[in-house]
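S.K.: My questions will all concern the structure given below.
The values are calculated or read from the model by the stated rules, or taken from the named source; none is laboratory data. This is a predicted model, so every value here is computed, not measured. Every residue, glycine as well, gets a Cβ built from its backbone with ideal geometry; the counts of neighbours run over all protein chains shown.
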Amino acid sequence: MLKVGVLPAIDISATGLTAMRLKMNAIASNIANVETTRTEEGGPYRRREVLMQEGQQPVGFPFLLRNAKGRLAVTNPRHLQQAYSPPPEDREPLHGVEGNLQISNDPPRLVFDPTHPDADENGYVAMPNINIIEEMVDLIVASRAYEANLTVVKADKEIAREALNI
C-alpha cells in the first residue's frame, strides 16, 4: 500500500531529501577513493554518479483522496461530502524525484609513477578519473539542494501548525 502524507510539499521535498542524500553519499565515496588504484572488481575505483529523474510513485494528498475517497466518506456520512471536490481526472499526479546511482564508464587517468606497486611495465598507474574540485562543487550544490528541501519541509510544517491553531 502506498503511504502518502497529508501535505504534498512535504512529500515532494522528502523525495528531494532522499535523492540529495544519495548524491552526497556518492560524492563522499568518490572523494574518499580519489587515489584507490586497486578494488575488489579489479582496477582503479570508478566514479559514482547520481542521475535525477521523475519519481515513479505518485505522492500528495490529491492522489490519496482520489484513491481513498470511499473509505473517507464511510467513516462519517457528513465528512467531506460538501467540502470535497475531487481533483480533475486530467490532472497529473505529483511524483517527486528519484536519484539513480550509476558507476561511470570513463577510462582511468594514467599517472607516471614507476615506484607505485600497481605501476605497469611502462611505469604508469591507472588512477580513478575523479576531479576533486568538481566533486567539491557538486557536494556544495547537493548540500544546498538538501537545505532547500529541508526549508520547504520546515515551512510546510509551520503552515500546518498555524492552521491547527485557527
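S.K.: Scan (1) more than 21 Å from Ile10 (Cβ to Cβ); (2) at pLDDT 75 or above for the single condition Ala83 breaks and write down its number.
M.R.: (2)
S.K.: If I ask for residues that are part of a loop (DSSP other than H, G, I, E, B) and at pLDDT 65 or above, which ones from region 1-16 would you list?
M.R.: To start, the set of residues in region 1-16 that are part of a loop (DSSP other than H, G, I, E, B) comprises 1-7.
Scanning region 1-16 gives a single hit, Leu7.
S.K.: Evaluate the following for Pro58: is it of a type outside the set (D, E, K, R), modelled with pLDDT under 75 and on the phi < 0 side of the Ramachandran plot?
M.R.: Working: of a type outside the set (D, E, K, R): yes; modelled with pLDDT under 75: yes; on the phi < 0 side of the Ramachandran plot: yes.
Criteria met by Pro58.
S.K.: Only residues in region 28-39 that are among the hydrophobic types (A, V, I, L, M, F, W, C) count as the first member; pair them with residues that are surrounded by fewer than 12 Cβ atoms within 10 Å (Cβ to Cβ), Cβ under 6 angstrom, at least 6 apart or cross-chain, and list the lot.
M.R.: Val34/Ile132
S.K.: May I pose another question? What number of residues within region 137-166 are among the β-branched types (Val, Ile, Thr) and under 16 Å from Pro8 (Cα atoms)?
M.R.: Taking region 137-166 first, the residues among the β-branched types (Val, Ile, Thr) are 137, 140-141, 151-153, 159, 166.
From what's left, under 16 Å from Pro8 (Cα atoms): 151-153, 159.
Summing the residues that are among the β-branched types (Val, Ile, Thr) and under 16 Å from Pro8 (Cα atoms) in region 137-166 gives 4.
S.K.: Restricting attention to region 27-39, which residues are surrounded by fewer than 22 Cβ atoms within 10 Å (Cβ to Cβ), assigned to a helix (DSSP H, G or I) and of a type outside the set (S, T, N, Q)? Give the derivation first.
M.R.: To start, the set of residues in region 27-39 that are surrounded by fewer than 22 Cβ atoms within 10 Å (Cβ to Cβ) comprises 28-29, 31-39.
Those left that are additionally assigned to a helix (DSSP H, G or I): 28-29, 31-32.
Within region 27-39, Ala28, Ile31, Ala32 qualify.
S.K.: Of the residues in region 99-132, how many are exposed (fewer than 15 other Cβ atoms within 10 Å of the Cβ) and within 30 Å of Ile12 (Cβ to Cβ)?
M.R.: 5
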